[in-house]
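All remarks here apply to the structure that follows.
The values are calculated or read from the model by the stated rules, or taken from the named source; none is laboratory data. All values reported here derive from a predicted model rather than from experimental measurement. Because the Cβ atoms are built from the backbone with ideal geometry, glycine has one as well, and the counts that use them run over all protein chains shown.
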Amino acid sequence: MAQATDTPQIRKGRKYDQVLDGARTIFLRDGFEGASVDDIAREAGVSKATLYSYFPDKRLLFMEVAKSECARQADEAVELIHRPAPPEQVLRFAAERIVAFMASDFGQGIFRICVAEADRFPQLGHEFYHSGPLLVRTRLVEYLREATARGDFVIEDFDLAADQFAELCKADIHARLIFGVDACCAPRDVKRTIDGAVEMFMARYGAKPA
């Protein structure tokens, strides 16, 4: 797709979601550079003219695909703030969402695309982070602040605590996924990682009985 000198604008219309669905399939299959307008239009069941009328820039189309999926993930994370449950249960809920996204075809595909295109399009990674992972992190920080105020945790640096928890959720999963070392993400492996993440976080930050 041609790059315009002025910032191109996305136009929404009746077939907007249809175009996004088709683009999602092709981007995950072929990557950002390998994805062709012809294939995206064919997968979406629209003409090239229709696709161009909605997304005049392929980068914009890619980021809109990523943002739409990340927004869904972030909306699920909002439940963190409103769950009237013990902290261990809320943390487990958060860990399950983090691991599920990380291990999904979409999550792995977007990660690989952002890494592969980092030199040519560094903004791709930046935009993806701010439209997805950062939103989930923000929701987790909000929960930790509220739970600490209730006396469930003893935390001073909420941003660091949220980041530490997210990293704990990646243990023994993330590296195996990105390097394809062996089969990954069997239910027992996921449970082992999540159990460990929750237990370690609670041991470090959980409020101790008086």
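Okay, here's what the table says:
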item	result
Top-ranked residue in the range 93-119 [being in contact with a helix residue (DSSP H, G or I) (Cβ under 8 Å, 6 or more places away or on another chain), of a type in the set (D, E, K, R) and surrounded by fewer than 17 Cβ atoms within 10 Å (Cβ to Cβ); ranked as modelled with the lowest pLDDT]	Asp105
Flag if Pro133 is within 30 Å of Arg176 (Cβ to Cβ) and not acidic (Asp, Glu)	yes
Selection count, the range 164-199, where residues are touching a residue at least 12 places away in the same chain (Cβ under 8 Å), within 17 Å of Pro87 (Cα to Cα) and either more than 20 Å from the chain's Cα centre (by Cα) or surrounded by 19 or more Cβ atoms within 10 Å (Cβ to Cβ) (or both)	7
Counted residues, the range 13-29 - those being touching a helix residue (DSSP H, G or I) at 6+ places or on another chain (Cβ under 7 Å) and free of Cβ contacts under 8 Å to residues at least 60 places away in the same chain	11
Those residues of the range 124-163 which are touching a residue at least 40 places away in the same chain (Cβ under 8 Å) and of a type in the set (S, T, N, Q), in sequence order	Ser131
Extreme residue, farthest from the chain's Cα centre (by Cα), among residues of the range 40-49 that are surrounded by fewer than 17 Cβ atoms within 10 Å (Cβ to Cβ) and part of a helix (DSSP H, G or I)	Ala49
